[in-house]
Amino acid sequence: MAVTQSAWSRYWQSGAGESCFAEGGAPEIRQFWQSYLQGLSAGTRVLDAACGGGALTRQLVEYKTGFEVTGVDYASELPEVSGASIQAGISLESLPFESGAFGAVVSQFGLEYADHERALGEVLRVLADDGALGLVMHKAGSPLLQAAQRERDSISPLLDDGGLLATARSLAAAADRNTAIARSRATDTAFKTATQGDVTATLDWALTFFAEIMENWPRRGQRYLAGNCALLVDELSAFKARIDAMHQAALSAEAVHRLVARVEASKPRLSVRLSPLGAEDQPLAWAVTAVQRG
């Protein structure tokens, strides 16, 4: 748990806004939220559960009617969002709010990362009986997860024993010129191997960073090479931890239907709806809404 918390904290502090989109999110998901927010009254107190980098929090703050927005996340460090109260280090399984405190609770790719049975109980506890619930959650086997897995797989050889980064770190530890020459050649070979095949965005970033390290190390020295290789290992390991967590969090159809049934049982005054988002044959995510019957 601590490793994943650290990985997400680093990610959100880097300035990333979303967990699986590079440029502003999928339009289907943003449109879902625009439709959902139309049903909320101006001034509604809204909790963004597992707010992460604040992508949905900002959409809430900027919405035309205006809401009182609180964002919480388990990450130990989070970026500030102007107009919202952001609280880091908050477990969804134990929310520090009174029962019925919020007129709406929302979560975008967040609730499922927690123990979602316990987290859902807490979400429903702090949601007013006539409130509104909106959840977008990872769907097992979705195109988003498939793309993330390709990115993860592309960098795995860099981290393997005998891979590029291990070879480069052995170069940094070379004690004599002949050893350094041999290990430098091995590093060049490993770099060429890494560039073969499908170069994903993450692999491209890693190789670009590595090329910069190799360009600078002859004049900066072995400590520079070792330190920056260790930094790159840490960054790529954190990326792998986030993707692994994403896959573990993704909900099957059976799991999401159990979640819907629990919402229906806990909030009988609300009308609950489950709808896949995106293409009918390959949905991007699950969307669950619960609103007052009208």
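The values are calculated or read from the model by the stated rules, or taken from the named source; none is laboratory data. Here the structure is a predicted model, which means the values were calculated and not measured. Using ideal geometry, Cβ is built from the backbone for each residue, glycine included, and neighbour counts are taken over all protein chains shown.
In table form, for the structure just shown:
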{"read-out": "Residues of region 241-287 satisfying the condition of being touching a helix residue (DSSP H, G or I) at 6+ places or on another chain (Cβ under 6 Å) and part of a strand (DSSP E or B)", "value": "Leu251, Val272, Leu274, Leu277, Gly278, Leu284, Trp286, Ala287"}
{"read-out": "So Gly71, is it in a strand (DSSP E or B), over 16 Å from the mean Cα position of the chain (by Cα) and surrounded by 18 or more Cβ atoms within 10 Å (Cβ to Cβ)", "value": "no"}
{"read-out": "Any hit, region 144-160, residues being of a type in the set (Ser, Thr, Tyr), at pLDDT below 95 and surrounded by fewer than 23 Cβ atoms within 10 Å (Cβ to Cβ)", "value": "yes"}
{"read-out": "Filter pass, Thr65 being of a type in the set (Val, Ile, Thr), part of a loop (DSSP other than H, G, I, E, B) and within 23 Å of Asp130 (Cβ to Cβ)", "value": "yes"}
{"read-out": "Unique residue being at pLDDT below 95 and within 20 Å of Arg125 (Cα to Cα) when the list is Lys267, Lys240", "value": "Lys267"}
{"read-out": "One residue from Ala265, Ala287, Ala261 being on the phi < 0 side of the Ramachandran plot, of a type in the set (Gly, Ala, Ser) and in contact (Cβ under 8 Å) with a residue 24 or more places away in the chain", "value": "Ala287"}
{"read-out": "Hits in region 74-99 - residues which are closer than 24 Å to Glu62 by Cα and not hydrophobic (A, V, I, L, M, F, W, C)", "value": "Tyr74, Glu77, Pro79, Glu80, Ser82, Gly83, Ser85, Gln87"}
{"read-out": "Among the candidates Gly52, Gly15, Gly24, residue that is among the small types (Gly, Ala, Ser), under 25 Å from Arg125 (Cα atoms) and modelled with pLDDT under 95", "value": "Gly52"}
{"read-out": "Selection status of Ser94, among the small types (Gly, Ala, Ser), without any contact (Cβ under 8 Å) to a residue 40 or more places away in the chain and farther than 22 Å from Gln248 by Cβ", "value": "no"}
{"read-out": "Some residue of region 36-47 being out of contact with any Pro (no Cβ under 7 Å at 6 or more places or on another chain), in a helix (DSSP H, G or I), more than 26 Å from Ala7 (Cα to Cα) and without any contact (Cβ under 8 Å) to a residue 24 or more places away in the chain", "value": "no"}
{"read-out": "Only listed residue being farther than 30 Å from Ala194 by Cβ and either of a type in the set (Gly, Ala, Ser) or outside the structural domain of Ser35 (by TED's automatic domain parsing) (or both), chosen from Gly71, Gly141", "value": "Gly71"}
{"read-out": "Residue satisfying condition, being surrounded by 24 or more Cβ atoms within 10 Å (Cβ to Cβ) and not assigned by TED's automatic domain parsing to the domain that holds Arg185, within set Leu127, Leu164, Leu95", "value": "Leu127"}
